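Structure record follows, encoded as structure tokens.
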Amino acid sequence: MMNPREKNKEIKFAFFGTSHIAVYVLDALEAAGFIPNLIVTQTPKPYGRGLEILPTEVETWARKRSIAVAYDFNEFERAKSDVAIVADYGKLIPKKLIDMPRRGFLNVHPSLLPRLRGASPIRSAILNDERTGVSVMLVNEGMDEGPIVAQKKIDVAPWPPWNSKLEKTLMQEGGILLAQILPQWISGYIDAHEQNHDIATYSEKIKKEDGLLDLKDDPYKNLLKIRAYEGWPGTYTFFERPSTSSGQAPAKRIRVGIIDAHMETNRLIIDTVKPEGKREMSYEEFLRSGAKPI
């Protein structure tokens, strides 16, 4: 009898993905013996101050395993895959491609659809203080509107988590769930079920200015923002520092990044900050400079 991991390698599939989030899914699939025949990812782009051309994280993963990589759809059209998998690809899949694989396109989505469709389901789950999970859905032309193949609620503790922890947990679990159902899906033993579109909610595209905190606002709401906006856009607020020059010079306005904080008896306790142009430091050290929140 063939080892299940060896049997999994017989499934011919393409993987559409771009960022480190998609790599979590690939790692889970690889651990279960699923290796894509083709990776479709976005074209390398200039990065950083030096504008160095760097491949996507998914391309780097593929190159280390000598898996074919494509930046357009021509190779995929020739590949004749049993199924295609999408995870954080960053582009819409054209309809002509959706119908090509024998068992369609499966998307790993980090929410309990139809909750939190759209651009920012992971950050929005934290912002909304909403427990979440993962869905494997059949891709159609709508935005996260395809029929559900499998779902799993994920409990994350302690809550609220940092964005980086939640995205890793959800996408790893999504890859594990996908690996569990993929053989049955390919064989036609399980079906997809229509979402209840009447109860759908949507996550918005996050903007840089969303990271501005009002320290007079609800403390827990501010904590949720600090955790959700980790990395990008980050959270910040403004302080004033008295002028050190003689005379009546106005106080200096300072933009201060809020790096870390926690709750104590319904109060937001700021732990670490990064004043504009300065190193990270403890909040206590920063306050010794005489700065006060505006």
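The values are calculated or read from the model by the stated rules, or taken from the named source; none is laboratory data. What you see is a predicted model, and the numbers here were worked out from it, not measured in a lab. Don't worry about glycine lacking a Cβ; one is built from the backbone with ideal geometry, like all the others, and counts go over all protein chains shown. Just the protein is used for accessible areas: all its heavy atoms, side chains included, with ligands, DNA and RNA removed. Shrake-Rupley method; radii C 1.70, N 1.55, O 1.52, S 1.80 Å.
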When you go through (1) in a loop (DSSP other than H, G, I, E, B); (2) among the hydrophobic types (A, V, I, L, M, F, W, C); (3) surrounded by 13 or more Cβ atoms within 10 Å (Cβ to Cβ) one by one for Trp232, which number turns out not to apply?
(3)
Does Leu268 satisfy the criteria of being part of a helix (DSSP H, G or I) and within 28 Å of the chain's Cα centre (by Cα)?
no
Segment 192-222: number of residues that are in contact (Cβ under 8 Å) with a residue 40 or more places away in the chain, part of a loop (DSSP other than H, G, I, E, B) and open to solvent by 80 Å² or more (accessible area, probe 1.4 Å):
3
So in segment 174-191, with the set limited to residues that are in contact with a strand residue (DSSP E or B) (Cβ under 9 Å, 6 or more places away or on another chain) and open to solvent by 50 Å² or more (accessible area, probe 1.4 Å), which one is nearest to His262 (Cα to Cα)?
Ile176
Could you check segment 145-158 and list, in sequence order, the residues that are at pLDDT 95 or above and open to solvent by less than 50 Å² (accessible area, probe 1.4 Å)?
Gly146, Pro147, Ile148, Val149, Ala150, Ile154
Could you give me the residue pairs with C-beta distances under 9 Å whose first residue belongs to segment 35-46 and is free of Cβ contacts under 8 Å to residues at least 12 places away in the same chain and over 20 Å from Leu182 (Cβ atoms), whose second residue is of a type in the set (Val, Ile, Thr) and open to solvent by 10 Å² or more (accessible area, probe 1.4 Å) wherever it lies, and which are 6+ apart or on separate chains?
Lys45/Ile53; Lys45/Thr56; Pro46/Ile53
Quick one: Ile85 ticks every box in (1) within 17 Å of Ala200 (Cα to Cα); (2) surrounded by 23 or more Cβ atoms within 10 Å (Cβ to Cβ) except a single one, so which number is it?
(1)
Check whether at least one residue in segment 247-265 is under 23 Å from the mean Cα position of the chain (by Cα), at positive phi and at pLDDT 95 or above, and report yes or no.
no
Only one of Thr56, Thr60 is without any contact (Cβ under 8 Å) to a residue 12 or more places away in the chain and either open to solvent by less than 40 Å² (accessible area, probe 1.4 Å) or of a type in the set (Val, Ile, Thr) (or both). Can you tell me which?
Thr60
For the structure I just gave you, tell me whether Pro114 is closer than 16 Å to Gly174 by Cβ and modelled with pLDDT of 95 or more.
no
